[in-house]
Structures are given as C-alpha cells and as structure tokens.
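Beneath this line is the structure, given in structure tokens, with notes to follow.
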Amino acid sequence: MISQIEELAHIRQEVLDGPSARATAAQLAKGKLTARERIALLLDDDSFREVEPLRRHRATGFGLELKRPYTDGVITGWGTVGGRTVFVYAHDFRIFGGALGEAHAAKIHKIMDMALNAGAPLVSLNDGAGARIQEGVTALAGYGGIFRRNTRASGVIPQISVMLGPCAGGAAYSPALTDFVFMVRDTSQMFITGPDVVRAVTGEEISQNGLGGADVHAERSGVAHFAYDDEESCIAEVRYLLSLLPQNNRETPPAEVCDDPADRRCEALLELVPVDGSRPYDMRAVIEEIVDHGEYLEVHERWATNVICVLARLGGRVVGIVANQPQSLAGVLDITASEKAARFVQLCDAFSIPIVTLLDVPGFLPGVDQEHGGIIRHGAKLLYAYCDATVPRISLILRKAYGGAYIVMDSQSIGADLTYAWPINEIAVMGAEGAANVIFRQQIAEADDPQAKRAELVKAYRTELMHPYYAAERGLVDDVIDPAETRQVLIQSLEMLRTKHADRPSRKHGNPPQ
C-alpha cells in the first residue's frame, strides 16, 4: 500500500505541475496566469476540490495516442467563494491549447450537471483554441452538450463566463448563453470567424483585438458585460458579483447587515438633478446617493450608455436598478438600450432580485435607422421583460416621463407594484411644446403673434395636463415624495414587498419578441 500511495502522490504532483515547465513559461510570457492560478484567485483558500484530475483522452490517430496528459486540458471541480459553493472549470492552454476533445467535453458536461443538481453557480475560465481538430466530429458534439446544458441551467443557477484567452468559432456560443461575460484586454478575444477568414472573404484587414477584443465587445457588440486590464482585477470582480447573486432560482440573494441608516436623508439629490428637464446630469450620482454606502456594480457600463443597469444594495438587500442616463442621448430609449435593459430585467426576475426603475426619459429615439433597425421589435423586448417579471417592482419618476417610453419603463399600467414621483415630475404623451404644436396648430397659425400665442398655449397645456400631481390625482402614481426621502421610501417599500407572491399563467413558455 505504501508504494502505491507513493505512486499516487507522484501522479498527483504530475497533474499539479502540468505538461512541462516550458509550457508554463510560455503561458506566463503571454501575460496570462495558469489555469490553477486562476482557480486559486477565484475560490477561497484551500477550498478547491478537483473532479477527474486523472482523466485522459482515448483518441488515436495524428499522434494523439502518444500524447495523453492528465486532465486532458481542462480542470474541473468545486470550492467556495465567500463560504458559498461555486463550481468551476478552467481550460488549461498548456495542454492541446485548451482545445476541446471528447474527454475534455465529458469533464465539462459532468461539472455542469453537478452544478445544476447542487443548485450552485457555475464559473467557466475560458482559454481554449476551440474544437480539437484531430478528434473530428466528436469534438463538435462535445460543444453541443455544453450548449444544451447552458440552456437547461439558464435562469436556474447563475452562469458566469470569464474570457482569459482566445474563444473562436462555435466555442463562443457557450459564453453567449450564460448570464455574464467578463473579458481581459489584450489577452482575450471572441469571434466566430477570425481575421484570416475575414480577410479571405471580405478583403478587410483587422487584428484579433480589433475584431473581437475586450473593448470591442464591451463598447460595440454588447457581448461582454465587463472588461478589465488584468486577470487579477477581473477575477476579483467575479467574486464580488457572486456575492450579489443567489445560489439558484429557489433562493434570494444574500443579505448583509447594513450600517448605512435606512432613514438617511439624501439632501444632495436636491442639487444633483436640475429642475429644467433639458439640462443633463449624471444618473450615477443619484444612484450613489441612494444605495448603501454608494456602492454598486454596473453591468454593460460602456454599451448602450443611455440606460444604466446596476446591482446594488438597499438596506442590506440586493436590488437591480434600471435608470435612464440624461448625460447620454438625453436618456432616450433606442434599440441597444432596450435590449440591454430587457436582458437585465429578465436576469433580476430569474434570480429573485427586486427591480427599481429610475425614470427620466424623453421617449424613444426617432430616426430612419432606428425604425428600419426594428425599434418596435426591440422596444417590445423591454416591455415584455417588465410585464413578465414577478419580482417586487418599484418605479420612481425623477423628472420627465414621456410617451411610450414612460409606459415601457415599468409604469403602473404594466404591473409596477409601486410608483413614486418627485415634485418636479412631468408625465405626458410628449413635451408641452410638441403637444401644443399638434393640438393648437391652427390657432397658432391664425394668431397675430404666433410666437406669443404658442407660448401662451404651451403654458396652458403644461398647467392643465403636466403639473406634478396630475398622475397622482388619477391614481397612476402612488405618491409624490420629497427627493431627500427617496432612500427611506424605497427601503420601506421593498421591505413590504419582500413577501410578494405572483402566480404565473399555466404555459410551457412565452414567445417574447426577437
């Protein structure tokens, strides 16, 4: 037995060391950590329990039978983050470039099944060269198994993809099916067809980072939710995100004891938000003033910047906040903003995270490009997401809320549990100037002084239909509140709604707009 234990210890050390010192040096030379170093950063100290470390492929041909390293290029297992169980798999680029073969895929399938059965988050640390070409179609079938499991786990357990190297071809679809995608600048790329294929087919010259780097996906495509300069800060933010998420869809997010008083007055809000609806301001400053200790995690910070989506805490409990950003396109809704907010609302609803919506929206963005691009279809995605959500929902109108955008952004008429407004709110079909031009077009044209008449009628319309208490008088706003009391009102309302229960209609699933 002693000799066998010694042999086991030797094999385990071989597993831990990896294929060779040369391969490790090459990985580090690229500015990348090894798979085990990444796992160590993600999980609590000494908590990792590896699954199938001795797995080896059984493929033959093209010299594969002569090279059968342990792990087969992927490290799988579980550990804890903040004391809570998390499952993880990490591609080891030192072995077959992290490429996926039959045994490699089977290990990932197994850990995904374990995560789903245990009801715990799954984090993938991606650094692989795609399918293992030498194994042919069996490698492609392995991806199919991953995609099917991603879809089964969607909305059941949190799934987080961390891109730490290349991810090309069909492999890119697995991260796209998960809840969050993290990327690291310069070292991670995602694309379906690489620069060589693009050049051959279209004649376009572009680098890997220019085609599918972190900044491209964080700013233009929206594929990446977060982008960081280095692996350490990236993985640290993954840990922070996990602290804001529940283990699964049957639990609520972890609450914390909060020493930021629930009744803290937010006097700064009186100065942050201009009364003049045409003047911009930074909605992030409003969010910082309201949430616990001003701390929040913004999702898709650099994509569709006219809407803000954040995870934060109010009174120690996690909430999702959707807010217009007057600093970007005046806070209008457009195609990308609607998609961004819709996916975030669906995420919050899937994982029992209450939704607070902060409105200051002049409407949907007009234009031929928007209409031809399908703003109706994309705007309907946000409408559908809110209408379908059963978590506690509170909307707060800070200044203006015009037209269809007011209805779509969780108005009382589509199911918001509570709707509040500040005393500078304007809720209407459109702005007073535009409304007067439509309603009183003839009167203005026939007046001796059209400009004076127009100003008179604009004032009359505003006084009659757009005063701050118009919606409240008709029951469309539950209360008009002092901005300084916003934090207290939201926390008290969320506490009341904590036991909310809503039955869904009996159906296999809805058919949301695409």
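The table that follows gives values for the structure above.
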| read-out | value |
| --- | --- |
| Qualifying residue in the stretch 194-202 (condition: in contact with a Lys or Arg (Cβ under 7 Å, 6 or more places away or on another chain) and not β-branched (Val, Ile, Thr)) | no |
| Strands (runs of 3 or more DSSP E) contained in the stretch 56-137 and holding at least 3 residues out of contact with any Phe, Trp or Tyr (no Cβ under 6 Å at 6 or more places or on another chain) and closer than 18 Å to residue 245 by Cα | 84-91 |
| Tally of residues being assigned to a helix (DSSP H, G or I) and at negative phi across the stretch 138-175 | 22 |
| Residues that are open to solvent by less than 60 Å² (accessible area, probe 1.4 Å), part of a loop (DSSP other than H, G, I, E, B) and not aliphatic (A, V, I, L, M), drawn from the stretch 450-469 | 467, 468 |
| Residue in the stretch 480-514 that is nearest to residue 271 (Cα to Cα), counting only those that are charged (D, E, K, R) and part of a loop (DSSP other than H, G, I, E, B) | 482 |
| Inter-residue pairs, beta-carbon under 8 Å, first more than 20 Å from residue 18 (Cα to Cα) and open to solvent by 40 Å² or more (accessible area, probe 1.4 Å) and in the stretch 57-80, second not hydroxyl-bearing (Ser, Thr, Tyr) and not in a loop (DSSP other than H, G, I, E, B), 6+ apart | 62/134 |
| Lone qualifier among 337, 342, 330 - being touching a residue at least 12 places away in the same chain (Cβ under 8 Å), in contact with a Pro (Cβ under 6 Å, 6 or more places away or on another chain) and assigned to a helix (DSSP H, G or I) | 330 |
| Qualifying residue in the stretch 37-50 (condition: of a type in the set (S, T, N, Q) and within 26 Å of the chain's Cα centre (by Cα)) | no |
| Residues being open to solvent by 40 Å² or more (accessible area, probe 1.4 Å), touching a residue at least 24 places away in the same chain (Cβ under 8 Å) and either among the polar types (S, T, N, Q) or assigned to a helix (DSSP H, G or I) (or both) - total across the stretch 1-50 | 6 |
| Test set (1) modelled with pLDDT of 85 or more; (2) surrounded by 12 or more Cβ atoms within 10 Å (Cβ to Cβ); (3) touching a strand residue (DSSP E or B) at 6+ places or on another chain (Cβ under 7 Å) - residue 479 fails condition number | (2) |
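The values are calculated or read from the model by the stated rules, or taken from the named source; none is laboratory data. Everything numeric here is computed off the predicted structure, so don't read it as measured data. No Cβ is skipped: glycine too gets one built from the backbone with ideal geometry, and neighbour counts run over all protein chains shown. SASA here: full protein model, heavy atoms, side chains in, ligands and nucleic acids out. Shrake-Rupley method; radii C 1.70, N 1.55, O 1.52, S 1.80 Å.
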